[in-house]
Amino acid sequence: MGTIKADTLTGLSTASDVTIASNKFVGTASGTMTVVGEGGTTQTGLQQGLCKVWVNMDAGTTINDSNNVSGLTDVGTGAHTITFSNNMASANYSPSMNGKEGVGETHSSAVVDVILNPTRVVFTTSDIKVTSQNFNNQLTDFHTNTVNINGDLA
């Protein structure tokens, strides 16, 4: 097996198309890249499909594992502010959250509760305030919370 070292790969048929193991990657002048989707006929944006922020955290301020998270602040019972390492392009991103109240529990009951109480969740380009509540709609510090954010980085 050999090693190929290069600063730039240029496709033979077009300057922006490169095929790796039968998968065609297409670069654009703006720096984005597309790849053939699962169905084999449409292109999907590689950068658009990546989760930009994720965190696995406990009820306090411990980050168990994360990507693009620089800090976690406990702002009250069942409420946390997650600070991003790199800002989002706008506050119009898509967060999702799950959690479990205790050790060994398998059900999830945390929500990003924009619909139930829009004052509890705040989206900014540099952080997000999230809350966890049990099935009785009470704010609760869970044993574990996970948050994923999809959207555009700045």
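Data for the structure
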| read-out | value |
| --- | --- |
| Segment 86-104, subset modelled with pLDDT under 85 and either acidic (Asp, Glu) or in a loop (DSSP other than H, G, I, E, B) (or both), residue surrounded by the most Cβ atoms within 10 Å (Cβ to Cβ) | Glu101 |
| Checklist (1) charged (D, E, K, R); (2) surrounded by fewer than 16 Cβ atoms within 10 Å (Cβ to Cβ); (3) under 14 Å from the mean Cα position of the chain (by Cα) applied to Glu38, failing item | (3) |
| Within segment 44-85, tally of residues that are modelled with pLDDT of 90 or more and exposed (fewer than 12 other Cβ atoms within 10 Å of the Cβ) | 3 |
| Residue within segment 26-42 that is at pLDDT below 95, part of a strand (DSSP E or B), in contact with an Asp or Glu (Cβ under 9 Å, 6 or more places away or on another chain) and among the polar types (S, T, N, Q) present | no |
| Scan of segment 57-70 for residues that are assigned to a strand (DSSP E or B) and either of a type in the set (A, V, I, L, M, F, W, C) or in contact (Cβ under 8 Å) with a residue 40 or more places away in the chain (or both), ordered by number | Met57, Asp58, Ile63, Asn64, Val69 |
| Matching residues, segment 71-85, being in a loop (DSSP other than H, G, I, E, B), on the phi < 0 side of the Ramachandran plot and touching a residue at least 60 places away in the same chain (Cβ under 8 Å) | Thr77 |
| Residues being loosely packed, with under 13 Cβ neighbours inside 10 Å and either over 23 Å from the mean Cα position of the chain (by Cα) or among the polar types (S, T, N, Q) (or both) - total across segment 24-35 | 4 |
| Test: Asn148 is out of contact with any His (no Cβ under 6 Å at 6 or more places or on another chain), modelled with pLDDT of 60 or more and of a type outside the set (Lys, Arg) | yes |
| Test: residue in segment 105-122 that is closer than 28 Å to Gly49 by Cα, surrounded by fewer than 14 Cβ atoms within 10 Å (Cβ to Cβ) and at pLDDT 85 or above | no |
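The values are calculated or read from the model by the stated rules, or taken from the named source; none is laboratory data. Keep in mind the model is a prediction, meaning the values are calculated, not measured. Methodologically, a virtual Cβ is constructed for each residue, glycine included, from the backbone with ideal geometry; neighbour enumeration extends over all protein chains shown.
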